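Nothing in this text is a laboratory measurement; each read-out follows from the coordinates by a stated rule. Worth saying up front: this structure is predicted, and the values here are computed from it rather than measured. Every residue, glycine as well, gets a Cβ built from its backbone with ideal geometry; the counts of neighbours run over all protein chains shown.
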Amino acid sequence: MSSPIAQPQPIHASAKKTSQSSEELFTDLSVISPHISPTQSVPSTPLGVPVVETEHIARQRELLPEAKLPEVQCVARARIPTTQGQEIFLHLYSNNVDNKEHLAIVFGEKIRSKTLFRRREGETQSDRMTRGAYVGRLRPGRTLADKDQATGEVAQFDDDGFLVQPKLSPEERATLVRIHSECYTGETAWSARCDCGEQFDEAGRLMGKAGRGCIVYLRQEGRGIGLGEKLKAYNLQDLGADTVQANLLLRHPADARSFSLATAILLDLGLDEIKLLTNNPDKIVAVEGKDQLVKVVERVPMVPLAWKNGGKDGIKSKEVDGYLRTKIERMGHLLQKPINI
Ligand SMILES: [Zn+2]
């Protein structure tokens with residue numbers, strides 16, 4: 001086997017040549033992802049309308065492997081007041097497929113985890129409050145998890161110990177959801193190579209406004225290849241590769257992420273009808289899975305802030321322009337790119 005960095009070397013050697021020749025070299029690579037195949041042309045879904053089963057979606061669903069959903073367990077939740085004024089309930093999950101702590105950032109106290117709230121043998125009301133399985137709000141002196149004395153709300157359980165969830169109207173039921181994959185560089189290190197931080201903020205803003213929503217935060221850094229490999233991919237990008245090519249040069253699929261954990265977490269939270277914030281048509285299929293236990297009833301586009309309001313806000317860098325261009329041209333994202341990128 002040749003070393004993964006064998007291919008980029010000629011670019012180094014021909015550094016004196018124009019950048020066009022290195023682009024040509026990268027463009028020759030074929031794009032094959034075993035998880036999600038990038039597409040050349042995808043019919044665009046009009047903004048904010050129900051998702052219809054297009055030929056593309058049907059084809060992608062056929063390609064999905066037959067897979068059992070992972071088992072997830074909500075270990076704890078806590079109320080987090082935020083700097084944006086909204087309160088969120090942070091849910092931490094364990095699962096049976098990896099040892100990472102995946103999260104759900106929940107807007108609205110009425111979205112409650114089945115596994116967290118389920119009654120456990122021998123536990124006390126104090127145990128339940130400590131892990132976050134309480135209704136209403138905690139305050140000093142509260143003694144019962146299953147009853148909020150201030151509001152009078154009492155938790156009801158079925159014979160198997162599961163919380164009986166409140167009945168929702170159809171409008172309430174279709175909940176705004178974002179599936180977000182961890183991006184240390186974009187969220188913490190102020191990176192302008194991608195727009196993950198901006199998308200995360202925007203998702204939170206929209207859910208705060210709606211008063212209900214959920215960001216499933218998956219620990220799959222760098223489209224699933226990990227931070228170390230992502231940093232190598234950035235170097236290949238600086239040598240002329242686009243984001244898809246860089247992953248392929250490192251012998252990774254263009255997108256190594258899996259969304260079945262997100263599906264399992266959404267089901268645990270009772271969110272089986274969702275309005276998905278995404279531009280990625282493959283994500284709709286990936287989250288719904290073969291059996292469509294979660295149904296995406298609407299796709300809500302995420303338009304980069306720099307493309308709205310005359311470019312006053314949002315990320316401006318040539319790297320983010322290239323990143324977005326690759327998403328649209330090579331990964332079939334449903335965005336109309338401005339003429340200048
Ligand atoms: Zn990112």
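Per 0.36 nm of contour for each residue apart, how much would the distance between Asp98 and Thr130 grow if the chain were fully extended, relative to their Cα-Cα spacing?
Details: separation 32, 0.36 × 32 = 11.52 nm, distance 2.51 nm.
Value of the extension gain: 9.0 nm.
Arranged from highest to lowest average of other beta-carbon atoms within 10 Å per residue, in what order do the peptides 78-91, 159-172 appear?
In descending order of packing, they fall as 78-91, 159-172.
For a quick check: with amide H placed at 1.01 Å from N, whose amide H comes under 5 Å from Thr54's, ignoring anything fewer than 5 positions away on the same chain?
Under 5 Å from the amide H of Thr54: no residue qualifies.
Tabulate in residue order the Karplus-calculated ³J(HN,Hα) for the range 201-212, using 6.51 cos²θ - 1.76 cosθ + 1.60 with θ = phi - 60°, rounded to whole Hz; enter x for Gly and Pro.
4, 5, 4, x, 4, 5, 6, x, 5, 6, x, 7
Do any of Lys110/Lys209; Lys209/Lys283; Lys283/Lys316; Lys114/Lys290; Lys209/Lys275 go past 20 Å between their Cα atoms, and which?
Lys209/Lys283; Lys283/Lys316; Lys114/Lys290
Find how much the distance from Lys114 to Val154 grows on full extension, using 0.36 nm per residue of separation minus their present alpha carbon separation; answer in nm with one decimal.
Gain in length upon complete extension: 12.8 nm.
Residue-wise, which Karplus ³J(HN,Hα) couplings in Hz belong to the range 284-296, taking 6.51 cos²θ - 1.76 cosθ + 1.60, θ = phi - 60°, and x for glycine or proline?
Once rounded to whole Hz, the list reads 4, 5, 4, 6, 5, x, 5, 8, 6, 5, 9, 10, 8.
Express in nm, to one decimal, how much length is gained between Glu329 and Ala189 on full extension, taking 0.36 nm for each residue of separation and deducting their alpha carbon distance.
Between Glu329 and Ala189, full extension yields an extra 47.7 nm.
Please list the non-local residues whose amide H lies under 5 Å from the amide H of Ser191, H modeled 1.01 Å from N, same-chain partners needing a gap of 5 or more.
Under 5 Å from the amide H of Ser191: Gly186.
Pull up the cross-link candidates among the aspartates and glutamates for Lys295, meaning alpha carbon to alpha carbon under 18 Å and not fewer than 8 places away within one chain.
Straight-distance partners of Lys295: Glu53, Glu55, Glu62, Glu66, Glu171, Glu172, Asp268, Asp272, Glu273, Asp282.
Note down the net charge around Leu90, summing +1 for each Lys or Arg and -1 for each Asp or Glu among other residues with Cβ under 9 Å from its Cβ.
That sum, taken over residues with Cβ under 9 Å, equals +2.
Can you pull the one-decimal nm distance between simple spin-label points at Phe162 and Val75, each 7 Å off the Cα toward Cβ?
Rounded to a tenth, the inter-label distance reads 2.4 nm.
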